[in-house]
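Read through the structure below, which is laid out as structure tokens, and then see the notes.
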Amino acid sequence: MRDLRRLHLRFASRAVHAGERPAPRDVVPTVTPIYPASTFLYEDLDRMDAALGGAEGLFVYGRYGNPTTEALESAVAALEEQEAALAFGSGMAALHVALLSCVEAGDRIVASRDLYGQTITLLRLVFGALGVETEFVDILDLDQVEAALAKGRVRAVLCETISNPLLRVTDLPALAELTHRYGARLIVDNTFATPYLVRPGTYGADHVVHSATKYLAGHGDVTAGVVATSAERRWELNELNKTVGSILGPFEAYLVLRGIKTLPLRMQRQCANAVRIANWLAEHPLVERVYYPGLPTHPSHETAVRLLPPGEYGAIVSFDIREGTRERVLSFLRSLQLIIPATTLGDVYSEILYPVMASHRGLSPEERQAIGIGEGLVRLSVGIEDPEDIIADLEQALARLA
Ligand SMILES: Cc1ncc(COP(=O)(O)O)c(C=O)c1O
């Protein structure tokens, strides 16, 4: 074992080394420590060799793995009831690497047309340039999905459990069966639902992807992504990510891990608030239409009842403002006092977004119209505040439009 004290180091060397690399102690901290080290010391070079060869439980370099990040990965794998998980620097990086692990030039992807706007751009721009073509389908229409799969060379099917922003709920068991029948892998973005509501891997999804920036972390203070999957596919993803390098830092991993501890409590409260608010909005004369899977009027209500826990349908509520021009929507957003206009969701505080201006900005008006995103649509991410305060804020802002 190295003992620097015996070397009688000079001041500059002591400044660099003193206090570092203490011998491991027989203590177990109750909370996972943050390990900022970009590399790890092995006294025994044979062990270092094993670590570089990818031996289980050994860490050698920050881009290959980190103990804090690994703790987060185990937590997400446990919540999603999967063998393993791999963390990424963002939800987009997680989607990128999950897709990359399935395809090569000449292959095809079948994707839901109801995806986060940037995911559509990823498929079109990045995968398009790699020679991987994507066919966008109505993922709830299984005949359409099958027709696209039957054209051949489809290696991946991509959907969101609860879609952004119209909150259509995918029939995961049926889609998994169909996807596997054609030899493709099913990638499910479970960001909106979270494993609290549904665990797509238990219905056959091969990769369960999260923007952990949202509900998993829950406090708007970190950008992160994660994929839960089998141990074998996690290895594939990690081999790719060692080269792509979209890793999550240990500080960020710690924040997500801390957020996860209250995920069930936050989700219970947020879902209950959302049910109240969706019902209130549905009665409001200045609201043309409410999109919430908990409402019997939502086209996915039956699937939501089948797949989600009783009475809990997620915490996003989208709605069309009557005569919803861009000016009227922006005036409504400006009037809000409590609800924050923000390009994110899933935080403890309520946030509202105008998809035309933010998440679906990259699509043309015709493309947005085709998937049902009109000029008057807003997406509310319901927080954990007192629901009466959220409703009062919506009420006063809507009243100014009358
Ligand atoms: C459903 C969904 N998936 C993926 C992402 C991308 O996640 P990130 O912003 O963490 O890269 C988002 C971001 O809003 C999202 O809403």
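A short reminder: the numbers here are calculations on the coordinates, not readings from a lab. Owing to the predicted nature of the structure, the values given are computational and were not obtained by experimental measurement. Cβ: placed from backbone, ideal geometry, glycine included. Neighbour counts: every protein chain shown.
What is the percent of Cα-Cα separations in region 63-260 that go past 20 Å?
50
By what distance, in whole Å, do the Cα atoms of region 190-312 stretch along each of the three principal axes, largest value first?
Result, largest extent first: 54, 32, 24 Å.
If you take the charge dipole of region 63-260 about its Cα centre, with +1 on Lys and Arg Cβ and -1 on Asp and Glu Cβ, which of Phe251, Ala193, Ala98 is farthest toward its positive end?
Phe251
Note down the Stokes-Einstein diffusion coefficient of the chain in µm²/s, whole number, using a Kirkwood radius over alpha carbon pairs, 20 °C, and 1.002 mPa s.
Reported coefficient: 95 µm²/s.
Reachable lysines from Lys242, Cα under 25 Å, same-chain residues fewer than 8 places away excluded?
Lys214
Between Ala15 and Gln144, what is the FRET efficiency for a Förster distance of 56 Å, r being their Cβ-Cβ separation, to the nearest 0.05?
In this case the efficiency is close to 0.30.
Treating cross-link reach as a plain straight distance, find the aspartates and glutamates whose alpha-carbon is under 19 Å from the alpha-carbon of Lys151, omitting any fewer than eight places away in the same chain.
Glu104, Asp107, Glu133, Glu135, Asp138, Asp141, Asp143, Glu177
Hey, what number do you get for the chain at 222 nm if only DSSP H runs of n ≥ 4 count, each worth -39500 (n - 2.57), divided across all residues, to the nearest 500?
The helix-only estimate for the chain comes to -11000 deg cm²/dmol at 222 nm.
Once you charge only the Cβ atoms, +1 for Lys and Arg and -1 for Asp and Glu, what is the size of the charge dipole of region 260-339 about its Cα centre, to the nearest 20 debye?
It works out to roughly 340 debye.
Please compute the Kirkwood hydrodynamic radius of region 263-399 from all pairs of different C-alpha atoms, in Å with one decimal.
Taking every pair of different Cα atoms in region 263-399, averaging 1/r and inverting gives 15.1 Å.
Treating only the Cβ atoms of Lys and Arg (+1) and Asp and Glu (-1) as charged, compute the dipole magnitude of region 263-399 about its Cα centre; round to the nearest 20 debye.
For this selection, approximately 280 debye.
With r as the distance between the Cβ atoms of Glu395 and Trp235 and R0 = 56 Å, compute the FRET efficiency 1/(1 + (r/R0)^6) and round to 0.05.
Taking R0 as 56 Å, the efficiency between Trp235 and Glu395 is 0.60.
Suppose every K and R has +1 on its Cβ and every D and E has -1 on its Cβ; what is the size of the dipole of the chain about the Cα centre, in Debye to the nearest 20?
1080
What relative contact order, as a whole-number percentage, does the chain give when Cα pairs under 8 Å and 6 or more residues apart are counted?
Reported relative contact order: 16 percent.
Sequence gap at least 6, Cα distance under 8 Å: using those rules, report the relative contact order of region 53-154 to the nearest whole percent.
Relative contact order here is 21 percent.
Between Glu283 and Phe251, what length in nm is gained on full extension when 0.36 nm per residue of separation is reduced by their alpha carbon distance?
Length gained between Glu283 and Phe251: 7.1 nm.
State which stretch of the chain is the longest one without any exposed GluC sites (Glu not before Pro), exposure meaning a DSSP loop state and at most 15 other Cβ atoms within 10 Å.
105-282
Give me the extension gain from Val31 to Ala55: residue separation times 0.36 nm, minus the current Cα-Cα distance, reported in nm with one decimal.
Length gained, Val31 through Ala55: 6.2 nm.
What is the sum of charges, Lys and Arg at +1 and Asp and Glu at -1, for the other residues whose Cβ falls under 15 Å from the Cβ of Val16?
Cβ neighbours under 15 Å give a net charge of +4.
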